[in-house]
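This report refers to the structure that appears directly beneath it.
Bear in mind these aren't lab numbers, they're just calculated from the coordinates by the rules spelled out. This is a predicted model, so every value here is computed, not measured. Glycine gets a Cβ as well: all are built from the backbone with ideal geometry, and neighbour counts include every protein chain shown.
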Amino acid sequence: MPTKKLPERSEITVIGGGIVGVTIAHELAKRGEEVTVIEKRFIGSGSTFRCGTGIRQQFNDEANVQTMKRSVELWKRYSEEYDFPFEQTGYLFLLYDDDEVKAFKRNIAIQNRFGIPTRLITPEEAKEIVPLLDISEVVAASWNPTDGKASPFHSTAKFALHAEEFGAKLVEYTEVKDFIVENGEIKGLKTSRGTIKTGIVINATNAWTKLINAMAGIRTKIPIEPYKHQAVITQPIKQGSVKPMVISFRYGHAYLTQTAHGGIIGGVGYEEGPTYDLTPTYEFMREVSYYFTRIIPALRELLILRTWAGYYAKTPDSNPVIGKIEELSDYYIAAGFSGHGFMMALAVAEMVADLVTKGRTDLPAWWYDPYRFERGELRGRALQMG
Amino acid sequence: MRPLDLTEKNPSKKVTIYFDGKPYEAYEGEKFPVAMLANGLYWLTTSTEGRRRGAFTFGPVPVKVNGVKNINGRKLVVKDSMRVERQRYDEFQEQIEIDEGKPILRYVVDVAVIGAGPAGLGAVEEIGGKLTVALIEERSWLGGDMWLKGVEQEGFGNPREAIEKLTNFPKNVRVFLKTTTLGVFDKGEYFLVPAVRNDQLIEFMAKRVVLATGAVDSIMLFENNDWPGVFRRSDALEVINVWNVAPGKRVAVTGAFPEEITPELDRWGIEYVVVPNPRRVEGEDRIERLIDENGNVYEVDAVIMADGRIPDINPITQAGGKVYFKRGYYRPVLDANHRIRDGIFVAGSAVSIKPHYANYLEGKLVGAYILREFGLEAEPCIYEEKLRDYEPVARPISKLPLDGFSSEDVQICGCGVTLKKVDDVVKSGITDLQIIKRLTHLAMGFCQGRFCLFNGALLVSQRSGTPMDRLDIPVARPPIKNVKMKVVAGRD
Ligand SMILES: Cc1cc2nc3c(=O)[nH]c(=O)nc-3n(C[C@H](O)[C@H](O)[C@H](O)COP(=O)(O)OP(=O)(O)OC[C@H]3O[C@@H](n4cnc5c(N)ncnc54)[C@H](O)[C@@H]3O)c2cc1C
């Protein structure tokens, strides 16, 4: 496991080298800041490389719709500029009864207000988009062709590469063990490979956030807990077989799509935790197969290549925590992304870089206010997949 | 006789099968690739990248059978009038028949022994009669790799006779052939070992598990090493000794351990030439020639890779075991009782590469440890003592053909990953095997790295200078062997 030397000092240090930490470092370095990422294993090894690849703007509140609209713009731009797979193949929510249709009509209205072209379509139209679907029980579908998917591997690796080109340092296989604090000011971090002097720390460890907060001695209530979620991938099949992300709340809160490599990837709402255990389970393999084959019967004859587990780092309202913690100078958190941290990362990076460099942002960071739990001002639950 | 038959087959079993419309002679009970081989046909399927593939090196063998696509040709057993057609890897059956599925079978046993080679059989011999045992074997025969041999084996003598003696099981041993284990799952009170036989799910609940899951042949890297007609040593042995069909009329044996196959070729009078340093094979839909690194050209129709074996670490890492690097391969970290963790024992060539008899002794040893854990009398020290006579094989670390080969023609993995693809990523400065795996899809396909991860590790090690024992080796995830979604989709 080759790794670069830990620098002696860095103006800004990001803890955690997932998509969020890497894109924050990329954005800050691009703006000319001196930034180092410290990752305890390898880039993406946390939840990022374990995610379901989905990127959607179909949320159920204004703030998340706005954030995701910006994120998709950035996904589009950077995938072209840096050449990694991002495809706007849409998200297709299959709806099975009037209650579901009613709820989605409300969501569509919000999305349309921000220029997201989501619309309600018929089951037959849904089948035109994914001919393999079983639509016998479907009454309608919510369809946004501008949602999409990206390769977590290629995107994260490319952002890491370009972050380094802008001067950021990425240090892998190095674990942050403690904070060095004097009079409420961060002076440095102790790691498994020595000490780094630093003044600004960004906690981008997602599932491990509470452990880092504890090291920093933060007392503010920031409830982010790790839950085990699993995913599956099948043998690769002909490209274009399942273009969009297909969602069915009726069938196990399932989501599934085809990766750029051809396999069918996805998961169901099978959650365990809070836990740091990541052992894939036999029960998941059975659950996901039961539901997937009901949504797309042809999957019955496909081989399962692999299942795996990752974390949904969850807050009580399924919205992330993004912002500055005033107890300590200077300490920021960007974590608690539930099942949507991969898709949001690019907008989050911009938001955090704005906050660090300018102290304010035009993106709706207020919605993700770290103090909302203390104040008892929980947001409406963000629409979560899986 | 068919062109490559070594023996006359039973005429009463003779059937006709059709491959891409043409009739061929086959015999009931024969595997499809063997029947085609006997007729001199090697090319059975085509990779997504358009490469022609046979059934005896790596990669899956999906074929269309009686109009249904994506059937595993490697395990397909012929039936009269069966119509088989070639397809591409990514073709699948869009219109399917939905059947009821089969009910789940469940067995509660003291010990699940996975793998019925000499190690598994040794373990069963030790504990059988005293504990209830499920012996689970993926292949259709008992005796594992030893069953494939015709020549005398040290300690055992005639391999088949020895196996027949070992497989006289007492009543409380249940044998499950053609049963593929999906993994080992810790349920606290017991281990759950789900397995599949003929599309039926079987759940074994066992207090102890023995992983006697064996080794895999090393895949050699040379140009067109996936060509139809390239054989893994074990597949060559199987066609010769189980099916009595020759791999070819004139065979080249390559790799560091030619003696692992040449006595068997001698026994049957199959003509062969030993070529230690192959560079390229060429041909149309089969091998026509092999060219070595010195430019010598050998007119052969089959190539057998005999480059030694390495423990299959996938069942071990899936079950929670750690591995370390010694004697040229990755092997499990074991405690003093041969366990990777409480309750899970490992024996045989899953531990280290050694003769069959040593693997058998190791099976006995593990059996003795298990008896002790159940409070029964046993003397593991006898086997410990005997095992000291066997030093595991050291496998020389081959130098990869990185320069001077045209690496886009070298397949590092059967799923369309060329040596060039991996090497380009390494050369771009990314030297973490974990990242390389994800960027190239090495070790992420059908075999889950069983045949390709080692070479990937070797490449990274040789390009970056990082020793093999310092690489972050990916662990296997369930299912450890591919399973059709419908098999596990049922609910009861
Ligand atoms: C099965 C599954 C499917 C998902 N599907 C989707 C999807 O389709 N779309 C989507 O947007 N999201 C999805 N998600 C969620 C998404 O994976 C996460 O929200 C996202 O990856 C979070 O990125 P991150 O960078 O915040 O966290 P991570 O990728 O987890 O990165 C945090 C990093 O911090 C490191 N770290 C922790 N402690 C320390 C320490 N002390 N010192 C140094 N480093 C440390 C960890 O090693 C880790 O690499 C899915 C998640 C799962 C589990």
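List the cysteines in chain B whose Cβ has no other cysteine Cβ under 4.7 Å from it.
Taking the Cβ cut-off of 4.7 Å, the unpaired cysteines of chain B are B:Cys381, B:Cys415, B:Cys447.
So for chain B: antiparallel DSSP bridges make up what percent, rounded to the nearest 5?
Counting DSSP beta bridges with both partners in chain B, the antiparallel share is about 55 percent.
Taking amide hydrogens as modeled 1.01 Å from N in the peptide plane, which residues meet the under 5 Å criterion relative to B:Ile412, leaving out close sequence neighbours?
HN-HN under 5 Å from B:Ile412: B:Val417, B:Thr418, B:Leu419.
List, in order, the whole-Hz ³J(HN,Hα) value for each residue of the stretch B:178-186 obtained from phi through the Karplus relation with A = 6.51, B = -1.76, C = 1.60 and θ = phi - 60°; use x for Gly and Pro.
6, 10, 9, 6, 8, x, 10, 10, 7
What residue among A:Glu301, A:Glu34, A:Glu185 shows peak mean-square fluctuation when chain A is described by a Gaussian network model with Cα springs under 10 Å?
A:Glu301
Regarding chain B, what whole-number volume in Å³ per residue does the convex hull of its Cα atoms give?
Roughly 150 Å³ of hull volume per residue.
Per residue of the stretch A:95-109, what does 6.51 cos²θ - 1.76 cosθ + 1.60 with θ = phi - 60° give for ³J(HN,Hα)? Whole Hz please, x for Gly and Pro, Karplus curve as stated.
10, 10, 7, 4, 4, 4, 4, 4, 4, 6, 4, 4, 4, 4, 4
Can you list residues from other chains, or at least 5 along the same chain, whose modelled amide H is less than 5 Å from the amide H of B:Val274?
B:Val253
Fewest Cβ neighbours within 10 Å first, please rank B:Val410, A:Val352 accordingly.
Starting with the residue having the fewest Cβ neighbours, the order is B:Val410, A:Val352.
How big is the antiparallel share of DSSP beta bridges in chain A, given as a percent to the nearest 5?
On the way: 48 of 69 bridges.
Looking only at bridges with both residues in chain A, the antiparallel portion is about 70 percent.
Treating only the Cβ atoms of Lys and Arg (+1) and Asp and Glu (-1) as charged, compute the dipole magnitude of chain B about its Cα centre; round to the nearest 20 debye.
Value, rounded to 20: 880 debye.
Quick query: amide H of A:Arg9 versus all other amide H atoms, modeled in the peptide plane; which residues come in under 5 Å with a sequence gap of 5 or more or a different chain?
A:Lys197
On the principal axes of its Cα set, how long, how wide and how thick is the stretch B:405-481? Give whole Å, largest value first.
32, 29, 17
Classify the stretch A:216-316 as rounded, prolate or oblate, taking a ≥ b ≥ c as the square roots of the eigenvalues of its Cα gyration tensor: rounded when a/c is under 1.5, otherwise prolate if a/b is larger than b/c and oblate if not.
Prolate, since a/c reaches 1.5 and a/b exceeds b/c.
As a footprinting exposure proxy, order A:Val139, B:Val151 by other Cβ within 10 Å, with the fewest listed first.
Least crowded to most crowded, the residues run B:Val151, A:Val139.
Quick one: B:Cys447, B:Cys415, fewest Cβ neighbours within 10 Å first, how do they rank? Walk me through the intermediate numbers first.
Numbers: B:Cys447 22, B:Cys415 27.
Placing the least packed residue first, the sequence is B:Cys447, B:Cys415.
Cα atoms only, the protein assembly as shown: Rg and Dmax in Å?
28.5, 92
Just A:Gln230, A:Gln88, A:Gln239 to compare: in a GNM of chain A, with alpha carbon springs under 10 Å, which one fluctuates most?
Comparing A:Gln230, A:Gln88, A:Gln239 in the GNM, the peak value goes to A:Gln239.
Output wanted: per-residue J couplings in Hz (rounded whole) for the stretch A:7-20, from phi through Karplus 6.51 cos²θ - 1.76 cosθ + 1.60, θ = phi - 60°, x for Gly and Pro.
My calculation for the stretch A:7-20 gives x, 5, 9, 7, 3, 10, 10, 9, 9, x, x, x, 4, 5 Hz in order.
Given B:Lys149/B:Lys484; B:Lys322/B:Lys421; B:Lys130/B:Lys364; B:Lys14/B:Lys486, which pairs have Cα atoms separated by over 23 Å?
From the list (B:Lys149/B:Lys484; B:Lys322/B:Lys421; B:Lys130/B:Lys364; B:Lys14/B:Lys486), the Cα-Cα distance tops 23 Å for B:Lys149/B:Lys484; B:Lys322/B:Lys421; B:Lys14/B:Lys486.
To the nearest 10 degrees, how steep is helix A:282-295 against the longest Cα principal axis of chain A, on a 0 to 90 scale?
For A:282-295 against chain A, the angle is about 50 degrees.
Please pull out the direction-averaged projected area of the stretch B:11-94, using the convex hull of its alpha-carbon atoms, in nm² to one decimal place.
5.1 nm²
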